[in-house]
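In what follows, a single structure is set out as structure tokens and then discussed.
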Amino acid sequence: MPTHHDLGEISFSRRLRLETLIRLRWLAVAGQSITVIVVGLWLAFPLPIVPAGVLIALLAGVNFFLAVRYPPAHRLTPEAALALLAFDLCQLIALLFITGGLSNPFAPLICVPVIISSSSQSIRHSLVLGILAVAGITALAFSPFPLPWFPGTLLVVPPILMAGFWFAITSTTAFAAFYSYRVSREASELSDALAATELVLQREKHLSQLDGLAAAAAHELGTPLATISVVAKEMERELGKDERFGEDVHLLRSQSERCRDILRRLTTLSAADEEHMRNLPLSSLLEEVMAPHREFGIRLSLVEKAGRDGEPIGKRNPGILYGLGNLLENAVDHAKEEVTVTADHGPDKVTIIIEDDGEGYPPDILLRIGEPYVTKRQRDERAGGLGLGLFIAKTLLERSGARLSFGNRLGGLPGARVVVEWPRSRMESMPAK
């Protein structure tokens, strides 16, 4: 089962695509060019047009080279992405530096490369870019170049206001970067966890199909094996007394009979278990879920409140089997002596309650239970996992129509309590007999 990826690294599929960065850069080139033209030519503000044009042309030239040199689907390594974003940041800082520094109304755009990095790159690369951005913002506060303004008018920003600009842009950069990082990380974790869920469900379905495959194999092999057996009998009749071949022919016939016995058992097993495999009463479902966990020194108790009369009979659902099995495994891992499974059913709903006598869930975990990579029930190091496996179990059970609630045992008793509840119509595939 996949585990939580290291936050310091990113997978290949999450790497920044070069074409995406190139398109954003062309947008920056267009925006910077339009701004210089409007301010310098149309408004006729005193503006260092040549240095600004050189900086814009440098960004356009590098972008053109990358577009020609690499295919559109090329994905950047973390180091290459950091280098390109750092170049974009330095180019923007240089352009702002010669056009008024922090007094330039476009100074907040410094946060854009940092936001892009925090949403697609690892923490350490984003921190490097963030430090570079803060250094650039600080340098802009001391720019000797005035803000382009009406000719003959010098716009002077008071130092206290300049300090406010610095604090506002720095805090905006930090907040936006942290927000985009959290959103991107949660989306990535959810995507990875859902992919793992699909793999687990496929595995459970394949296991459920093995019985049918065995029956099909027995049926297909039956005819050629019968032919081999007939030929072996004829050979034994003709060559049975021949010292050279008699023993070999006898061995051939005995082994063919053995194969027929094996196939007969497979066919009989499939026919006997077919109904059991396809339809499971609630009690049989719970026994199947509990059976693998009875050998771990924890007492498992099944309490059937409504008995077995009129219990729902549902189709075998690999998702339900896996989900309940994971919840039970988690309870066994954290129990001290006993885990109790309580089943109840009525005309409208079916309820399964799993309780253990461990230490239960702390309040902070209860608020986030069921999210992928919530990894501890208790804060101490002895606590077991509650992460991706529980997320997969919750997802599969909810797909089957169940509603889950997590909490601690009632009446002040120590231990955790998980309630799984279905509408009876979702659990039942045929009338109970």
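The values are calculated or read from the model by the stated rules, or taken from the named source; none is laboratory data. Computed from a predicted structure; not experimentally measured. Cβ atoms come from the backbone with ideal geometry, glycine included; neighbour counts cover every protein chain shown. Calculation scope for accessible area: heavy atoms of the full protein, side chains included, ligands and nucleic acids excluded. Shrake-Rupley method; radii C 1.70, N 1.55, O 1.52, S 1.80 Å.
The table below lists the values:
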{"item": "In segment 386-415, residue modelled with the lowest pLDDT [restricted to those that are over 22 Å from residue 285 (Cα atoms) and buried (at least 16 other Cβ atoms within 10 Å of the Cβ)]", "result": "386"}
{"item": "From 306, 335, 331, residue being touching a Gly at 6+ places or on another chain (Cβ under 9 Å) and surrounded by fewer than 18 Cβ atoms within 10 Å (Cβ to Cβ)", "result": "306"}
{"item": "Subset of segment 240-256 (residues that are more than 57 Å from the chain's Cα centre (by Cα) and crowded, with 16+ Cβ neighbours inside 10 Å)", "result": "249"}
{"item": "Among the residues listed as 258, 203, 237, 264, the single one being modelled with pLDDT under 65, of a type in the set (D, E, K, R) and part of a helix (DSSP H, G or I)", "result": "203"}
{"item": "Cβ-Cβ under 6 Å pairs, at least 6 apart or on other chains, segment 19-38 side part of a helix (DSSP H, G or I), far side charged (D, E, K, R)", "result": "none"}
{"item": "For residue 176: the one exception among (1) of a type in the set (A, V, I, L, M, F, W, C); (2) under 28 Å from residue 49 (Cα atoms); (3) open to solvent by less than 70 Å² (accessible area, probe 1.4 Å)", "result": "(2)"}
{"item": "Wholly within segment 57-146, helices (runs of 4 or more DSSP H) carrying at least 2 residues that are in contact with a Pro (Cβ under 8 Å, 6 or more places away or on another chain), under 20 Å from residue 25 (Cβ atoms) and open to solvent by less than 40 Å² (accessible area, probe 1.4 Å)", "result": "78-97, 123-140"}
{"item": "Unique match (being in contact (Cβ under 8 Å) with a residue 24 or more places away in the chain, closer than 20 Å to residue 425 by Cα and under 25 Å from the mean Cα position of the chain (by Cα)) among 313, 352, 320", "result": "320"}
{"item": "Filter pass, residue 222 being over 30 Å from residue 248 (Cα atoms), open to solvent by less than 60 Å² (accessible area, probe 1.4 Å) and at pLDDT below 70", "result": "no"}
{"item": "Members of segment 288-303 that are loosely packed, with under 14 Cβ neighbours inside 10 Å and out of contact with any strand residue (DSSP E or B) (no Cβ under 7 Å at 6 or more places or on another chain)", "result": "291, 292, 295, 296, 297"}
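Rundown of residues vs (1) modelled with pLDDT under 90; (2) open to solvent by 30 Å² or more (accessible area, probe 1.4 Å), yes/no style:
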residue	(1), (2)
8	yes, no
28	no, yes
32	no, no
36	no, no
